[in-house]
1. Run down S157, S190, S149 and say which single residue is within 19 Å of G234 (Cα to Cα) and of a type in the set (S, T, N, Q).
2. M322 passes all but one of (1) touching a strand residue (DSSP E or B) at 6+ places or on another chain (Cβ under 8 Å); (2) surrounded by 21 or more Cβ atoms within 10 Å (Cβ to Cβ); (3) within 17 Å of V41 (Cα to Cα); which number fails?
3. Being over 30 Å from S253 (Cα atoms), of a type in the set (F, W, Y) and crowded, with 16+ Cβ neighbours inside 10 Å is the filter here; which residues of region 109-152 pass it?
4. Just the residues that are in contact (Cβ under 8 Å) with a residue 40 or more places away in the chain and either among the hydrophobic types (A, V, I, L, M, F, W, C) or closer than 20 Å to A353 by Cβ (or both), please, taken from region 369-390.
5. Please determine, by comparing only the residues of region 133-148 that are within 16 Å of the ligand (Cβ to nearest atom) and in contact (Cβ under 8 Å) with a residue 60 or more places away in the chain, which one is farthest from the chain's Cα centre (by Cα).
6. Filter region 161-203 for residues that are among the aliphatic types (A, V, I, L, M) and more than 16 Å from the ligand (Cβ to nearest atom) and give the result.
7. Tell me, yes or no, whether region 204-215 has at least one residue that is within 15 Å of the ligand (Cβ to nearest atom) and assigned by TED's automatic domain parsing to the domain that holds Y239.
8. Here is a check on your reading of the model: is S157 closer than 23 Å to F262 by Cβ, among the hydroxyl-bearing types (S, T, Y), within 16 Å of the ligand (Cβ to nearest atom) and surrounded by 17 or more Cβ atoms within 10 Å (Cβ to Cβ)?
Amino acid sequence: MEGYLLRLAISFSMHDLSDIADWLKHHPVHPAAQAGDERVVSFSTNDYLALARHPQLVAAAGDGLRRYGVGNSESRLHGGDLDIYRALEARLGALKHKGDAVLFVTGYMANIGVLSSIVKAAALARLHGYRARKRHKYAYYSDEYNHVSIREGIQMSGALRYNYRHGDMNHLESLLKAGAAEGSTPLIVSDGVFAMEGTIAPLPQLVELAERYGALLYLDDAHATGVLGANGGGTSEHYGCYSPCIMQMGTLSKALGALGGFVAVEREVADVIRLTSSAYGYTCPPPPDQAAAALAGLDLLREEPQRRQRLWDNQRYFIERMAPLGYSILSTQTAILPVLVGEAETCQRYAIALRKEGIHVDAVQFPAAPVGQARLRFMMNAGHTRAQIDHVVGVMARLA
Ligand SMILES: Cc1ncc(COP(=O)(O)O)c(C=O)c1O
């Protein structure tokens, strides 16, 4: 044992890890861990519709556990393909007005898995005997504020990549024009709702550009699915904007209360993704009980629209109550309401003060937000009571 510890110490000391570990001792970055018996009201949870503890989801997951066990222990390409996954994919496809969907273990893996591989689909299908008629040189065009999993997936793809300024369609178009002149095949990637900004992507303009430049548009609807649109269909439903060029990515771990990620596409495209994405074929899907819970979540999206109504009522109430306090809320378009604080240390101080009052709010700082624009990321949900909102606004009034 001693020899082992010595070897460990030596290998750590030869690496940045020991320096970082030392530094971390004086710069704790996880102030929000929650003890089991601590009563904290979260104003930053992704559980927008308060479904994660809903009895119907809990019962569905319990039934799933009894029927399938804790895991299915095999990738779907290799015999772990259960009927419940297919049923869930069909429902997700329908929610997104697409013929099918492909399920991944998380939303993070969906982004990495699809974006890293889709531009290499021809080369990967070649392993199975496919011969391409034409070679494409692909280029990604990505909003600068897209989620980190998008940025990593694009980087892993090895394709050309360009970032456009957040929501700036003129900038995007100038990049697309330059790419067209070079003869590359474009893929535009955007969050539907931006997690740290609370803004909604200008989908109609994105679709217009995608159709004009012959691009695919990959839309990460992690924070919009279940939240935006009369039926919780997401950004497309919000705008009434659908197009065959859109690939609709989403997650089960936010408004749907469970765990998993997906991309909803036409059936033929789904088949290509299943064949060529290693994150689908060479790792496990979400455990079957999570698929069961997500199916129950989809039922509730339809059966209890009042949840979405309550979420938006709470959102408006919070904005109204905060208005006289003089804070700057960066966007009021969605359930994500980032309150600008400025300096990271001040933002941390606010978060700690809120925590002492039994309220959790994410203190978002660089690199998740630009330097000097640290913010408290308030996220409203259907389960907040008026008394809880009054309480948090009261604490913010004192801090102001
Ligand atoms: C915009 C966006 N995309 C993808 C993800 C990843 O989703 P998941 O938590 O299911 O991995 C997140 C999670 O925070 C997100 O905010």
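The values are calculated or read from the model by the stated rules, or taken from the named source; none is laboratory data. No experiment lies behind these values; they were computed from the predicted model shown. Note that each Cβ is placed from the backbone with ideal geometry, even for glycine, and that neighbours are counted across all protein chains shown.
1. S190
2. Unmet for M322, out of (1) touching a strand residue (DSSP E or B) at 6+ places or on another chain (Cβ under 8 Å); (2) surrounded by 21 or more Cβ atoms within 10 Å (Cβ to Cβ); (3) within 17 Å of V41 (Cα to Cα): (3).
3. Hit for region 109-152 is Y138, nothing else.
4. A369, R375, R377, F378, M379, M380, A382, H384, Q388, I389, D390
5. Ranking the candidates gives N146 first.
6. Correct list: M169, L172, L175, L176, A178, A180, A181, L187.
7. No, region 204-215 contains no residue that is within 15 Å of the ligand (Cβ to nearest atom) and assigned by TED's automatic domain parsing to the domain that holds Y239.
8. Judged against the criteria, S157 is not a match.
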